[in-house]
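Here, each number is a calculation from the coordinates, and none is a lab measurement. Keep in mind that what you see is a predicted model, and the values were worked out from it rather than measured. Ideal geometry is used to build each Cβ from the backbone, glycine not excepted, and the neighbour counts take in all protein chains shown.
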């Protein structure tokens with residue numbers, strides 16, 4: 001039986017793992033309007049500059065751009081409206097403690113639909129320094145060279 005049955009990834013934040021060290025990951029529900037859901041199902045979201053904050057005991061996702069639904073009417077949504085995230089109280093309390101520590105940021109890694117409901121993978125992360133990024137690039141290049149060498153040997 002498939003482990004990810006009913007899960008359809010819509011939007012990925014590919015730069016997040018390059019720019020941040022991921023410490024912890026949470027799954028959170030998204031509170032969306034109807035036109036936002038329709039637009040997301042068409043893959044019209046952008047997590048590039050998105051981040052989450054804890055305000056008044058609630059978690060909010062800011063700068064998550066969802067393009068207006070092209071067949072929407074005057075009730076279409078505002079593209080950069082802050083979206084509320086749904087988490088358990090103890091998870092929110094943990095995030096409040098982590099957010100108060102120096103250097104921790106809450107960033108969304110991806111948005112997906114699970115059993116018809118919009119979810120986000122929220123990460124507690126620390127920003128990488130420039131030398132960390134260079135190190136990651138060097139590791140990736142070395143791994144690619146190793147894979148090429150194995151592929152070339154198998155062709156002989």
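Numerical summary
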item	result
Rg(Cα)/(2.2 N^0.38 Å) for segment 1-72, N = residue count	1.26
Cβ crowding within 10 Å averaged over residues, with 136-143, 25-32 ranked highest first	25-32, 136-143
Gyration tensor verdict on segment 42-93 (Cα atoms; rounded if a/c is under 1.5, prolate if a/b is larger than b/c, oblate otherwise)	prolate
Distance between modelled label sites at residue 42 and residue 70, nm, 7 Å Cα→Cβ extension	0.5
Cα gyration tensor shape for segment 88-134, rounded if a/c is under 1.5, else prolate or oblate	oblate
Value of [θ]222 nm, deg cm²/dmol, for the chain, DSSP H segments ≥ 4, -39500 (n - 2.57) each, nearest 500	-10000 deg cm²/dmol
Where only C-alpha atoms are counted, convex hull volume of the chain per residue in Å³	163
Sequence-separation-based contact order of segment 7-128, relative, with Cα cut under 8 Å and 6+ spacing, percent	38
Degrees between helix 89-100 axis and first principal axis of the chain (Cα, 0 to 90, nearest 10)	60
Rounded tilt (10° steps) of 130-155 against the dominant C-alpha axis of the chain	60
